[in-house]
1. Got a sec? Which of B:140, B:189 is more than 14 Å from the chain's Cα centre (by Cα), surrounded by fewer than 16 Cβ atoms within 10 Å (Cβ to Cβ) and not charged (D, E, K, R)?
2. If I filter the stretch B:233-256 down to residues being away from chain A (no Cβ under 13 Å) and open to solvent by 20 Å² or more (accessible area, probe 1.4 Å), which single residue comes out as nearest to residue A:116 (Cα to Cα)?
3. For the stretch B:207-232, which positions are outside any helix (DSSP H, G or I), open to solvent by 10 Å² or more (accessible area, probe 1.4 Å) and of a type in the set (A, V, I, L, M)?
4. When you look at residue B:278, is it among the aliphatic types (A, V, I, L, M), open to solvent by 20 Å² or more (accessible area, probe 1.4 Å) and under 26 Å from residue B:80 (Cα atoms), yes or no?
5. Mind checking which residues of the stretch A:34-63 are open to solvent by less than 60 Å² (accessible area, probe 1.4 Å), part of a helix (DSSP H, G or I) and more than 10 Å from chain B (Cβ to nearest Cβ)?
6. Can you report the number of residues in the stretch A:76-95 which are within 16 Å of residue A:203 (Cα to Cα) and in contact with a Leu (Cβ under 7 Å, 6 or more places away or on another chain)?
7. Going through the stretch B:343-356 one residue at a time, which ones are in a helix (DSSP H, G or I) and open to solvent by 70 Å² or more (accessible area, probe 1.4 Å)?
Amino acid sequence: MRRRLTPYLLILPGGLWLTVFFAVPIIMMLSFSLMEGNLIDGFAFTFHWQNYTEGLSTYGDKFARSLWYGLLATAACIALAYPAAYWIAFKAGRNKSTYLFLMLLPFFVSFILRTVSWKFVLADNGIVLGTLKDWGLLAQDFHVLGTTFAVICGLTYNFLPFMVLPIYVALEKIDHRLLEAAQDLYASRVQTFLRVVLPLSLPGVFAGVVMTFIPISADYVNADVLGGSGNVMIGNVIYLEYFNNSDYPMASALSFTLMGALLVGIFLYARLLGTKDVLEAAGR
Amino acid sequence: MNEINPLLRRGLTHRRDFLRLMGIGAVGMAAAACGVEGQGGKQNVTRSEVEKYWAGKTRTGKLNWANWVGYMEDDRATLKAFTKATGIEVTYKEVINENAEWFGKIDAPLRAKQSIGFDLMVMSNGIQLEQCRQLGYLVPLDHAKLPNFAANAGASFKNPSYDPDNTFTIPYTSGITGIAYNTKYVKEPITKWADLLDPKYEGKIGMMGDSQELGNVGMFLTGVDPEKSTPDDWAKAAAKLREQRPLVRKYYTQDYIEAVTKGDVWITMAWSGDAYSLAGPEVKFVIPEEGGTIWTDNLCIPSTAESPVDALELMNWLYDPRANATLTEYINYITPVPGTKEFIRQDADAASGEDKETLEALIESPLVYPTDADLAKLRRYRTLTQAEKEQYQSVFTPIPQGS
């Protein structure tokens, strides 16, 4: 009897935590998203679906931009993280953990602080651009701050470890005898990588994508600090609707639309990659 | 919304109910649980209500004050002087960056009648202060205990349109919204808002993202007094601002002053005090020809304050010209107490070298003691009703969002 209860007892603390801090607020938000009214006169539940349609028609381009930025930054994360994780897993030898630690070191500093320090590096007349301009290598009105490029850079930088770690873990687990076997069967290095290493590490990439794409698409700090007037992401709009306009129904509707869009995106991605790998990644 | 809905409690104990709840039941439950009652219309208070609030309230000897960044000397000299004079200990925190964000933080606890941890706060006149007034989030002031305010406040700081009879607020400091520009990059003098539409500054122009601040500039550009504007004027102003948008580098909240000092932007909308005390020496501030706005940051007591009597005592004390002079010497915004001028002059006479020069410049500065001619150029924010506010926001909010 006690044995049968054990799993439930073990799941209880986490389950309760999720119920209180996820389920309850999300149900409240769902109800808010269908309300109508304003702060002074109060909000009333009226099945006001227009919050969704209005939100989509007004801010559809911001949704598209957020997902697009999410894709770009996630791709950049993979491009930077995979080789690094590969090298640490296979070539770093005894010092693996040291290199991994060095990789994560910058992320011991607060998120905001790191984002703001990018502003100093990228300033129009700061150490980098200012110097290049003084040497005549760049036009005087060249700038990076306030452009899409700066936002993508910031997003990639801030979420990179969430890509490095899962890929590293996946690569780390690959049995080296498989690589030897591939070579015994006359596979070239490229073939070994494509046929053995890459498929075995894809679950890591999948986990990495889930862990980066979702927070990147919902981020608003990078667009706020590094972006300009043309880089507003949907997170910025949601923030504004909540705090500046106190339009809670609209903000909730936008949040749910974003959640829906992300779920659809991840689902499509999972289908594309095959369910088995996804389950494997989830099972880790 | 505070009480657990019975449906939910039942739903969690019976599996079938729970499943129902997860389905269509969720929406029904949410509907029952989460209508939010209106609380508007609390801005009208009678004398007896004021008396009723203050009856039996006594001094606690301590006070928590929430203020904006840069609004008190680094060594808190003014507060130390207050504690010395009255024995009231002040815990002072600079936790406010923006009215909207601050309102977002205090809305839920005040609505639930819970403490926000502060007995005194400073908010600018504008949409959020109006919301606080209407929702009953502010304590009506007992002016019988504010003799210094009656005696020493400048005429233009009494009975403001955003808070008739100073029912809930008295000014802490005032500032002007105008233009700041970096003379290192902009050689010809900037004199008017229209200069912010000059294509030769493309990508080097900063604007503020706040819908009221931004809207006001649109109004000035179309030749309308913001305080007297109509919805038609808003539409025209918005059109003008959209025209300007391709030239704008960024719509800022607070960090514009760093941007203009470093040269990331060359010309930007700016607040006078920031330009006076935070910007580099090459940054110049002007009140544009079309007009600038004057806004006021106000002292007010949140409805759940634990030491309202102490807060009121501090408010009164700050209107003592001697006490306020020390503060004004640090803040460099427009002080609501004109009598401070002679004390600052005394301090200047007593000081020497650079300190003396700084204080003398302060007395002469039109940004701290604006002349009548300057004041005549300045306009105020329009007070918006709830319906107007929604329309106003929908006209101007999308502009900095690029929609």
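1. Going through B:140, B:189 in turn, the sole match is B:189.
2. Top of the filtered list is B:243.
3. Result: B:224, single match.
4. So residue B:278 fits the description; yes.
5. Of everything in the stretch A:34-63, those that are open to solvent by less than 60 Å² (accessible area, probe 1.4 Å), part of a helix (DSSP H, G or I) and more than 10 Å from chain B (Cβ to nearest Cβ) turn out to be A:51, A:52, A:55, A:63.
6. 5
7. B:345, B:346, B:349, B:350, B:354, B:355
Yes/no per residue for (1) open to solvent by less than 60 Å² (accessible area, probe 1.4 Å); (2) at pLDDT 90 or above; (3) away from chain B (no Cβ under 14 Å); (4) outside any helix (DSSP H, G or I):
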| position | (1), (2), (3), (4) |
| --- | --- |
| A:112 | no, no, no, no |
| A:150 | yes, yes, no, no |
| A:159 | yes, yes, yes, no |
| A:165 | no, yes, yes, no |
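The values are calculated or read from the model by the stated rules, or taken from the named source; none is laboratory data. All of these numbers come straight from a predicted model, not from anything done at the bench. Positions of Cβ are backbone-derived with ideal geometry, glycine not excepted, and every protein chain shown enters the neighbour counts. Keep in mind that these areas ignore ligands, DNA and RNA; they rest on the heavy atoms of the full protein, side chains included. Shrake-Rupley method; radii C 1.70, N 1.55, O 1.52, S 1.80 Å.
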